[in-house]
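Participant: Sharing a structure below in structure tokens format, with a few things to ask.
The values are calculated or read from the model by the stated rules, or taken from the named source; none is laboratory data. Nothing here was measured: the structure is a model prediction, and the numbers come from that model. Cβ: placed from backbone, ideal geometry, glycine included. Neighbour counts: every protein chain shown. Remember, those area values only see protein heavy atoms, side chains included, never the ligands or the DNA or RNA. Shrake-Rupley method; radii C 1.70, N 1.55, O 1.52, S 1.80 Å.
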Amino acid sequence: MWDVVGKLVDDPFSRWVALVIFAVVLAVLVFLYLRKRFRALGEDLGVVKHEVKNDHKTNLRVESDERHEENSGKLDTALRMIATMQESLGRVYDKAEAIEQSVGVLAGRVTTLEDTTPGRPFQAGRHRDG
């Protein structure tokens, strides 16, 4: 067998035929590989094209602007509600402070009454000079 290979390699015409066959086989393999890769690329591009294709019934910019207006209106409403709640909370704090002051005044009056009412028994923790 090696004798046949040796004779083919020694013959210039056989070398050229073998080289051409090798080049054709290599070219076919490269072609098949590239065809497979380009088909996969074409399928990927088809998916991308489908995703990017503008087949919407409305213009995306117009739709985006409309949504922005809707959200802006909702945000304005929420901000107004928060401002109203802050005002209400401020009034609650004011009323709580007034109640606290009233309780302090009333506690002082009760203490005065306790201290100035004759005949009241001694209360624990309080000293009466009387």
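Participant: With a 1.4 Å probe and all protein chains kept in place, how much accessible area does Glu100 have, in Å² rounded to the nearest 10?
Facilitator: Surface accessible to solvent at Glu100 totals approximately 130 Å².
Participant: Next question, about the same structure. Run the numbers for Ile82 and Val105: contour at 0.36 nm per residue of separation, minus the present Cα-Cα distance, in nm. Intermediate results must be reported in sequence, preceding the final value.
Facilitator: Numbers: separation 23, 0.36 × 23 = 8.28 nm, distance 3.44 nm.
Computed gain between Ile82 and Val105 is 4.8 nm.
Participant: Could you work out how far apart the two model spin labels at Leu45 and Glu70 are, taking each label as a point 7 Å from the Cα in the direction of the beta carbon, and quote it in nm?
Facilitator: 3.7
Participant: Right, here's the next one. Remind me, what semi-axes does the chain give for its equivalent ellipsoid, largest first in whole Å, using sqrt of 5 times each Cα gyration tensor eigenvalue? Display every interim value, and only then the final one.
Facilitator: On the way: eigenvalues 2190, 182, 11 Å².
Gyration-tensor ellipsoid for the chain: 105, 30, 7 Å.
Participant: With every protein chain left in place, what is the accessible area of Arg109 in Å² (1.4 Å probe, nearest 10)?
Facilitator: 150
Participant: Averaged per residue, what accessible surface does region 1-122 expose to a 1.4 Å probe, in Å²?
Facilitator: Computed with neighbouring chains in place, this is 95 Å² per residue.
Participant: Hey, any idea what % of the chain's accessible area is carbon plus sulfur with a 1.4 Å probe?
Facilitator: Solvent-exposed carbon and sulfur of the chain make up 64 percent of the total.
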